[in-house]
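For reference, the structure is listed below as structure tokens.
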Amino acid sequence: MLHTFVALVQDKPGVLTRVASLFRRLNINIVSLTVGESERTDVSRMTIVCEAPDHAAHRIRASLYKLEITVDVDEVGRADAVIRELCLVKVAAGPSHPLGQHSRSQIFELANVFRARVVDLAPESIMLEMTGSSSKIEGLIQVITESGYTILEVSRTGRMAMRRGHHTSRVLKALGTPDPTDTNQPVVHETPDTGEVLPTEFPDID
């Protein structure tokens with residue numbers, strides 16, 4: 001099954017290599033990996049989608065926590081979250097297409113149905129931009145292909161995810177923000193929806 005992890009990591013050279021090497025050692029395939037800036041200037045946000053058995057989620061989180069560059073890890077796939085993906089699709093269309101200029105109008109109609117935007121119009125192609133769930137993007141690609149059009153290029157960002165609602169105390173601590181509900185109790189890494197509590201130290205993982 002697919003697991004979606006959001007990891008806050010220190011913004012340092014070599015961090016991406018270390019995370020990728022970790023998954024290689026665990027023999028787990030990364031489906032997509034999105035990295036970008038976070039709310040803090042010294043912390044980057046990684047959204048990692050990997051394919052692994054359900055029971056492997058705890059092992060993955062524990063291994064990520066063992067990296068000293070890791071600030072926090074959250075598996076958002078097990079809680080209410082907003083998950084989106086950005087995709088650019090370049091489709092062959094224009095005067096040289098068998099449908100001629102009519103080919104462009106059909107692409108425009110498909111874009112409206114899927115709420116995609118035309119971001120580039122060239123003599124021989126049209127580029128569409130779409131943001132949505134993976135299934136919606138795959139649906140657009142499938143309809144374009146089944147309509148007889150040739151897709152020249154596809155570029156997808158992979159999943160980006162964020163929990164719905166307010167921050168948990170664990171997230172506030174990772175951001176360095178005081179939690180108004182904190183009663184001076186030590187905060188541990190936890191998964192609120194399952195009640196699972198992770199220790200701060202882990203035995204060696206093969």
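The values are calculated or read from the model by the stated rules, or taken from the named source; none is laboratory data. Quantities reported herein were computed from a predicted structural model and do not represent experimental measurements. Note: ideal-geometry Cβ built from the backbone for every residue, glycine included; neighbour counts use all protein chains shown. For the accessible areas, the whole protein counts, side chains as well, though only heavy atoms, and no ligand, DNA or RNA atoms are used. Shrake-Rupley method; radii C 1.70, N 1.55, O 1.52, S 1.80 Å.
The table that follows gives values for the structure above.
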read-out: Filtered residue count, region 1-25, keeping only those that are farther than 18 Å from residue 43 by Cβ and surrounded by 20 or more Cβ atoms within 10 Å (Cβ to Cβ); value: 2
read-out: Only listed residue being under 28 Å from the mean Cα position of the chain (by Cα), open to solvent by less than 50 Å² (accessible area, probe 1.4 Å) and without any contact (Cβ under 8 Å) to a residue 40 or more places away in the chain, chosen from 143, 119; value: 143
read-out: Odd one out for residue 135, checked against (1) over 20 Å from the mean Cα position of the chain (by Cα); (2) surrounded by fewer than 17 Cβ atoms within 10 Å (Cβ to Cβ); (3) assigned to a helix (DSSP H, G or I); value: (1)
